[in-house]
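In what follows, a single structure is set out as structure tokens and then discussed.
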Amino acid sequence: MTRATWRTRLGFVLAAVGSAVGLGNIWRFPWLTATNGGAAFLLLYLLVIVLVGVPGLVGEMVIGRRSRRNPVGAFAELGGPRWRVLGGVALIASVVVLSFYSVVGGWILRYTLASATGAYFAAPEQYFAAINYGVGAAGFHALFLLATVAVVYAGVDRGIELATTVMVPGIVLLFGGLAVWVATLPGSGGGYEFFLSLDVAYLRDNFFSVLVAAAGQALFTLSVGAGAMLTYASYLGEDRSLAADGTIIAALNTGIGVLAGLVIFPLLFSLGVSPGEGGPGALFVGLAGAFGTLPYSRVVGVVFFGVVLLAALSSAISIMEVLVAYLVDEHALSRPRATAGVGGLFLVTGTAAALSPSLFGLLADTLANLVLTAGLLGFLLFDGWVLRRAALDEYETGAGRLARLTGRPWYYAVAVVIPLFLAFTFLTGLGAVVGVPVSAPAALALAVVGVGGAIVLLRSDTDSTA
Ligand code: PHE
């Protein structure tokens with residue numbers, strides 16, 4: 001059986017943008033921006049995207065295109081059987097992310113429908129509290145999952161590529177329209193100020209905590225660390241510049257994220273809702289509650305949540321594809337069977353998250369950041385110290401002159417500098433989870449020792465087998 005491929009160049013880019021643009025931009029981003037000082041967070045987030053996210057994204061795609069395999073098969077093929085475990089980390093990350101993601105997808109689906117009748121307008125807080133967890137939430141999660149299964153079932157080019165080619169331009173158009181309309185509302189000005197004016201003192205006082213939050217969010221929003229971009233890149237031909245594609249994907253993702261911010265913050269301010277009330281309910285209680293007071297509230301609600309639903313779906317598809325590709329490549333299952341099996345798995349794990357707020361919180365808040373950071377850290381050390389020259393070759397394949405010039409700096413960033421940064425944020429985040437606060441100098445020292453040790457081991461290992 002020949003392996004699936006993307007039909008067109010644009011098709012791959014749109015599918016990858018569809019993976020990147022999702023609840024991360026619309027639900028998680030405003031929530032984290034609001035709790036981390038507004039523009040201070042935005043600034044660090046943009047820096048991490050450029051300096052860590054884009055090279056990291058390319059590092060992940062290099063492995064996918066080089067091997068033309070799912071994550072587990074990719075590492076085995078390129079590094080030998082014992083590297084399968086690194087692919088296993090990616091599979092675990094995919095399970096962690098989609099298990100809570102599809103619950104939020106279910107909330108969005110419910111709000112899209114409820115907007116048509118205005119069900120949540122009168123008492124938004126009570127409405128969200130009544131639907132967020134429990135049997136109803138599990139039911140809507142299952143519906144969202146079913147939609148995801150339907151697209152993945154249809155295949156890479158006829159399902160994913162076709163769906164995202166329609167969805168992504170739709171998201172841009174609808175959000176653009178909403179942003180223009182929001183600007184005309186009285187009182188929206190405060191939102192732009194909050195979002196775009198930098199509070200230097202806040203940034204100075206909270207630098208490390210904002211940095212760690214920004215780093216986790218940057219990985220999440222670019223879909224790196226879970227093998228989704230690796231898998232999408234495995235359906236690519238050799239004639240593409242991964243560096244150029246990675247840059248385009250990140251730029252579009254960031255642009256759409258900022259556009260979402262330009263809708264959400266001015267809207268909140270124009271309605272006098274404080275964006276500071278963080279937590280997973282921020283979007284639902286604050287924004288949804290505000291819709292009720294607007295002219296054409298039902299239309300606005302349906303359009304807004306409908307766009308978010310499309311964005312969430314195009315991301316969920318990419319996560320599910322990681323596991324489906326694994327079953328198809330490694331266990332020779334047919335795509336329909338693999339998709340059904342993976343759908344069944346998430347029916348169980350997602351239902352558990354929909355029934356248990358504490359499990360949901362654990363997955364969405366802390367575990368997601370940690371598994372994505374660990375995943376990307378492993379991928380990049382693999383690029384730098386197992387693939388070595390081959391990673392650079394793959395980077396340069398299909399690249400134009402400009403991209404070739406960036407090859408060596410990219411290699412050193414991916415092999416040394418970014419792993420240090422990821423280990424640093426991983427340790428700081430882990431410390432916060434287990435309740436042992438790790439100071440910045442201590443985290444840095446541990447990161448240097450850990451990454452340095454890993455590099456020494458990998459070098460002696462590949463030297464002795466070479
Ligand atoms: N990037 C997606 C979003 O922002 C989430 C995601 C994470 C998708 C990891 C795939 C892998 O919503």
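Regarding the range 376-391, can at least one residue be identified that is within 14 Å of the ligand (Cβ to nearest atom) and within 21 Å of the chain's Cα centre (by Cα)?
yes
Does Val433 qualify as being at pLDDT below 95 and in a helix (DSSP H, G or I)?
yes
Can you list the helices (runs of 4 or more DSSP H) found entirely within the range 318-429 that contain at least 2 residues being modelled with pLDDT under 95 and over 30 Å from Ala440 (Cα atoms)?
401-405
Inside the range 61-85, can you point out the residues that are β-branched (Val, Ile, Thr) and free of Cβ contacts under 8 Å to residues at least 24 places away in the same chain?
Val85 - this is the single residue of the range 61-85 that is β-branched (Val, Ile, Thr) and free of Cβ contacts under 8 Å to residues at least 24 places away in the same chain.
Among Ala123, Ala119, Ala74, which is the only one that is in contact with a helix residue (DSSP H, G or I) (Cβ under 8 Å, 6 or more places away or on another chain), aliphatic (A, V, I, L, M) and surrounded by fewer than 20 Cβ atoms within 10 Å (Cβ to Cβ)?
Selected residue: Ala119, the only one of Ala123, Ala119, Ala74 that is in contact with a helix residue (DSSP H, G or I) (Cβ under 8 Å, 6 or more places away or on another chain), aliphatic (A, V, I, L, M) and surrounded by fewer than 20 Cβ atoms within 10 Å (Cβ to Cβ).
Which helices (runs of 4 or more DSSP H) does the range 1-76 wholly contain that include 3 or more residues that are at pLDDT 95 or above?
It comes to 9-20, 54-67.
Take Arg110 and tell me if it is at pLDDT 95 or above and out of contact with any strand residue (DSSP E or B) (no Cβ under 8 Å at 6 or more places or on another chain).
yes
Based on this model, can you work out whether Leu162 counts as closer than 20 Å to Val342 by Cα, in contact with a helix residue (DSSP H, G or I) (Cβ under 9 Å, 6 or more places away or on another chain) and among the aliphatic types (A, V, I, L, M)?
no
Against the definition (touching a helix residue (DSSP H, G or I) at 6+ places or on another chain (Cβ under 7 Å) and part of a loop (DSSP other than H, G, I, E, B)), how does Val263 come out, yes or no? Explain how you work it out, then say what you get.
Details: touching a helix residue (DSSP H, G or I) at 6+ places or on another chain (Cβ under 7 Å): yes; part of a loop (DSSP other than H, G, I, E, B): no.
Taking the combined requirement at face value, the residue does not satisfy it.
Pick out the one residue from Phe207, Phe194 that is more than 18 Å from Leu309 (Cα to Cα), exposed (fewer than 14 other Cβ atoms within 10 Å of the Cβ) and more than 20 Å from the chain's Cα centre (by Cα).
Going through Phe207, Phe194 in turn, the sole match is Phe207.
Can you tell me which residues in the range 133-146 are in contact with a helix residue (DSSP H, G or I) (Cβ under 7 Å, 6 or more places away or on another chain) and either crowded, with 21+ Cβ neighbours inside 10 Å or touching a residue at least 60 places away in the same chain (Cβ under 8 Å) (or both)? If you could, list the steps in order and put the result at the bottom.
So in the range 133-146, the residues in contact with a helix residue (DSSP H, G or I) (Cβ under 7 Å, 6 or more places away or on another chain) come out as 133-134, 137-138, 140-145.
Scanning the range 133-146 gives Tyr133, Gly134, Ala137, Ala138, Phe140, His141, Ala142, Phe144, Leu145.
Inside the range 221-238, can you point out the residues that are assigned to a loop (DSSP other than H, G, I, E, B), on the phi < 0 side of the Ramachandran plot and near the ligand (Cβ under 8 Å from one of its atoms)?
Restricting attention to the range 221-238, the residues satisfying the condition of being assigned to a loop (DSSP other than H, G, I, E, B) are 223-227, 234-238.
Those still in the list that are on the phi < 0 side of the Ramachandran plot too: 224, 226, 234-238.
Residues satisfying the conditions are Val224, Ala226.
Considering (1) away from the ligand (no atom under 14 Å from the Cβ); (2) within 17 Å of Arg65 (Cβ to Cβ); (3) aliphatic (A, V, I, L, M), say which one Leu203 fails and leave the rest.
(2)
Condition first: assigned to a loop (DSSP other than H, G, I, E, B) and among the small types (Gly, Ala, Ser). Can you find one or more residues in the range 98-120 that meet it?
yes
The values are calculated or read from the model by the stated rules, or taken from the named source; none is laboratory data. Just so it is clear, the model here is predicted, and its values are computed rather than measured. Glycine gets a Cβ as well: all are built from the backbone with ideal geometry, and neighbour counts include every protein chain shown.
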